[in-house]
Amino acid sequence: MATATGQTGTVAHGGPKGVFPPFNKDTFGSQLLWLAIAFAALYLLLARVALPRLAAILEVRRGRIDDDIAQAGKLKSESEAAIESYQKALAEARAKAQALAAAMRQELMAAAEQRKKQLEGGLAAKLAEAERKIEATKSAAMAHVRGIAVDTAGAIVEELVGKAPGKAAVERAVDAALH
Amino acid sequence: MKSNGLKEDASDMDPIHQFEIKKIVSFGHIGGVEIAFTNSAAFMFGAVALIVGGLMLATAGRALVPGRFQSVAEITYEFVADMLRQCTGEAGMRFFPLVFTLFSFILVLNLFGMIPGLFTVTSHIIVTVALALLVFVTVIGYGFWKNGLRFFKLFAPSGIPIYILPLVVLIEIISFLSRPLSHSVRLFANMLAGHITLKVFAGFIGMLATGLGVFGFVVGILPLSMTVALTALELLVAFLQAYVFTMLTCIYLNDALHPGH
Amino acid sequence: MDPVIGKYIGAGLACIGMGGAGVGVGNIFAHYLAAALRNPSAADGQFARLIFGFAVTEALAIFSLLIALLLLFAV
């Protein structure tokens, strides 16, 4: 190194001894000493104070976020349960309403049926009555028809023959003709 | 290369000058080695104060919904934790304080260096070697403490035919031993080379301006824009080297935790 | 011949090694990008391996640079 000092001219006159400063062994001792002190101090301060503090902050945040996510999950499942129960209640109410409506319809239909039957029964009775009356009238008329026929037949025979026939004979002849 | 317009141009134009270690207070000699509080030490403690103070201030509110600063602290925490977890699994989380310390320390020191006029601690090889050796010793110590002699399986990957095994073991051992070298020199060389390049291009501006007058000011826009672009690149490198250093630390720690993979 | 000349020539020669590492690093990122465009969903999972490959390749460039720096400033 000593031989180089004089020869590396342009470089040399910068330093006090003309040695390239990073290779100047005279400064190594104090540099190493202060580096050791500074590095150890930095290591201790970081490892004991600063990094645990940062780690704690990050840990708290992570815990908080996890808590919040768990909370959100719980709320979500709660709301889902609420929706489910609401839908169940809705379905129940709907079924109830449908059952009610069906029962009502049944009742109404039964009442209508009954009234219809009553009405029909009344009508049938009136019809029977009317038929009976017609029958009675008809038979009465028929009875009158026989008398008239007998009278008429007697009168016709008297007119034709000139002599009134026996009432019994005419009645026999009319009955034979009628039946 | 010398400009004649400036006195003491060595300190202004010399790209090496920025790496000079200056004594602030000297505590005398211990065993022939001078112990002094230097600008390098001041920046180390500045980084420690910034990291610890920043983290404490950012987390002072302990807000559930983080503010801007607390978000930065949390993102950094998660970033390093994910990196470590991805490489080593949950078993590696015991090294989280170490890995976080390494990452934040190197990142802040690298970024300090990007501020013009400030000293770059990580551009000194003794610092990066010390950090890399710390990781190396941790890996070896923890590897033997946890796995015992099974730690040697690290050098004999499974599924290798027996006749090339000696060669593979030799290569593995060499690559294992060269780890602290590449680990430390990568950070050192990136910081050193980046800052030298920046300083050289920035020096061109001064040289053009003092040497060529008005014409120099006009042409000086070229190295100026180059310096701006390089500053952006160096910011990326400052972050990337801290990331790479930490990522490699995680990968090496994984070897200590699970040898024979 | 001045031995200092040999030192500077050696430093320059050592820096040639960084070119090879540059090709290697370019290869790594090129293939990563190509693979990531084919299957973007798998890209993030391989980022650690990308960085590891990049770091191992870059280590070789760093050895070259280290030799150059040692020749320039320490020998």
Any idea which of A:ALA70, A:ALA81, A:ALA89, A:ALA99 is within 30 Å of B:ALA81 (Cβ to Cβ), under 32 Å from the mean Cα position of the chain (by Cα) and of a type in the set (A, V, I, L, M)? A:ALA70
Exception for B:ALA81 within (1) within 11 Å of another protein chain (Cβ to nearest Cβ); (2) of a type in the set (Gly, Ala, Ser); (3) within 29 Å of B:ALA193 (Cα to Cα); (4) surrounded by fewer than 22 Cβ atoms within 10 Å (Cβ to Cβ) falls at (3)
Selection within the stretch B:147-159 - among the hydrophobic types (A, V, I, L, M, F, W, C) and open to solvent by 60 Å² or more (accessible area, probe 1.4 Å): B:LEU149, B:PHE152
Could you please give the count of residues in the stretch B:27-54 that are open to solvent by 60 Å² or more (accessible area, probe 1.4 Å) and either modelled with pLDDT under 80 or more than 7 Å from chain A (Cβ to nearest Cβ) (or both)? 7
Taking helices (runs of 4 or more DSSP H) that fall entirely within the stretch B:159-250, which contain at least 2 residues that are in contact with a Cys (Cβ under 8 Å, 6 or more places away or on another chain)? none
Is it the case that some residue within the stretch B:86-104 is at the interface with another protein chain (Cβ under 8 Å from one of its Cβ atoms), at pLDDT below 95, touching a helix residue (DSSP H, G or I) at 6+ places or on another chain (Cβ under 6 Å) and not in a helix (DSSP H, G or I)? no
Exactly one of (1) facing chain A (nearest Cβ under 7 Å); (2) within 22 Å of A:LEU44 (Cβ to Cβ) is unmet by B:LEU57. Its number? (1)
Can you name the residue in the stretch C:1-28 that is open to solvent by 80 Å² or more (accessible area, probe 1.4 Å) and part of a helix (DSSP H, G or I) and, of all such residues, is farthest from B:GLN86 (Cα to Cα)? C:PRO3
Which numbered condition trips up B:THR88, out of (1) over 18 Å from the mean Cα position of the chain (by Cα); (2) open to solvent by 20 Å² or more (accessible area, probe 1.4 Å); (3) not hydrophobic (A, V, I, L, M, F, W, C)? (2)
Per the filter on the stretch B:135-146, residues surrounded by fewer than 18 Cβ atoms within 10 Å (Cβ to Cβ) and either under 24 Å from the mean Cα position of the chain (by Cα) or of a type in the set (Phe, Trp, Tyr) (or both) are B:VAL137, B:THR138, B:ILE140, B:GLY141, B:TYR142, B:PHE144, B:TRP145
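The values are calculated or read from the model by the stated rules, or taken from the named source; none is laboratory data. Note that this is a predicted model, so its numbers are computed, not measured. Cβ: placed from backbone, ideal geometry, glycine included. Neighbour counts: every protein chain shown. Quick note on the areas: whole protein, heavy atoms, side chains included, nothing else; ligands and nucleic acids left out. Shrake-Rupley method; radii C 1.70, N 1.55, O 1.52, S 1.80 Å.
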